[in-house]
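Notes for the one structure printed next.
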Amino acid sequence: MKNHLRFLTGLLFLAPNFVSAKCNTGAIEFRNETGFGISIGGKNSSSFEQQQSINIPMTINGEAACYRKKTSLKFNTEENKKGSFRDILITPMDIEFENVPDAHIKQYIFVETDPTNKALTKFHSMRFICSGNIPLSVEAVSDKYLKILTDERASVHVSTVFATGAAAQNLNVGKKEKSNNQETFDFFVKLYKNKTQRSLEEAPKCEYNIPSVFSETTITALTDVHREIASNYTTMETKVVNGCTKDFSGAMANYQLENFKDNESLKDFKVKKKAFSKKILMEWKE
């Protein structure tokens, strides 16, 4: 017998002109959608997809400014008589800036594999929205899964939190030590220090007035595979790497998303760009 489950969850906080192409200097806007599907039977498979769009207004040197970012991730797992197949489809961040000096983005990825058990693979990804060497926001995504024995019952839990102002500040402080993404933050700190033997640079002081925004989404699925996908986004200062600096981006150039061909952590994966698209597909067989 074959069972199939498919769900879509979402959290919206939108201004009327959210669909406009340009960023909005007058309002915080947030959209988060999470979809997943599970098929159990002759061919077990699962898929998870998260799409997020956030508009952040700010004041820079007394002038109104903003950015609007859009991201998308999709994970697939399939198990049949020939074995286990997995892939991840990454859509590079799409971003619109207004009145942000030296605006740029940096996206890093590292895949941590266990040489004795590929089922213990962990994906670590961090994204930075920058003005020069000043991080305007930091985002981490982690994907962890563990092979376990279960019956044909499936369980999926999605938790999404979004907050601004004092509530965001309180959540940001409270999540620092116990966040699912703290492992990703700590991992990139360790990776940088091992490569350079140097301490991290602190983010410089600036005259930017950026609203406090915090969001976190966690998906936990229990089927034939126990999987946990977590994303954490914040505009607030936090003790993580500053991926905007030339020092950090130079030392970690191989791990920037666009340099996937030089990323040694992906050597055991089939990695390619989708035709006529910026999307990057990573495939592997256990």
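The values are calculated or read from the model by the stated rules, or taken from the named source; none is laboratory data. Just so it is clear, the model here is predicted, and its values are computed rather than measured. Positions of Cβ are backbone-derived with ideal geometry, glycine not excepted, and every protein chain shown enters the neighbour counts. For accessibility, only protein heavy atoms count, side chains too; no ligands or nucleic acids. Shrake-Rupley method; radii C 1.70, N 1.55, O 1.52, S 1.80 Å.
Summary table below
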| quantity | calculated |
| --- | --- |
| FRET efficiency for Lys190 and Ala64, using Cβ-Cβ distance with R0 set to 41 Å, rounded to 0.05 | 0.60 |
| R0 of 22 Å, Cβ-Cβ distance Asp102-Asp262: FRET efficiency to nearest 0.05 | 0.30 |
| Share of carbon and sulfur in the accessible heavy-atom surface of segment 92-138 [1.4 Å probe, %] | 45 percent |
| Exceeding the 31 Å Cα-Cα cut-off - candidates Lys74/Lys106; Lys193/Lys274; Lys22/Lys144; Lys144/Lys272; Lys22/Lys267; Lys22/Lys279 | Lys193/Lys274; Lys22/Lys144; Lys22/Lys267 |
| Computed E for Ala27/Phe276 - FRET, C-beta separation, R0 41 angstrom, nearest 0.05 | 0.75 |
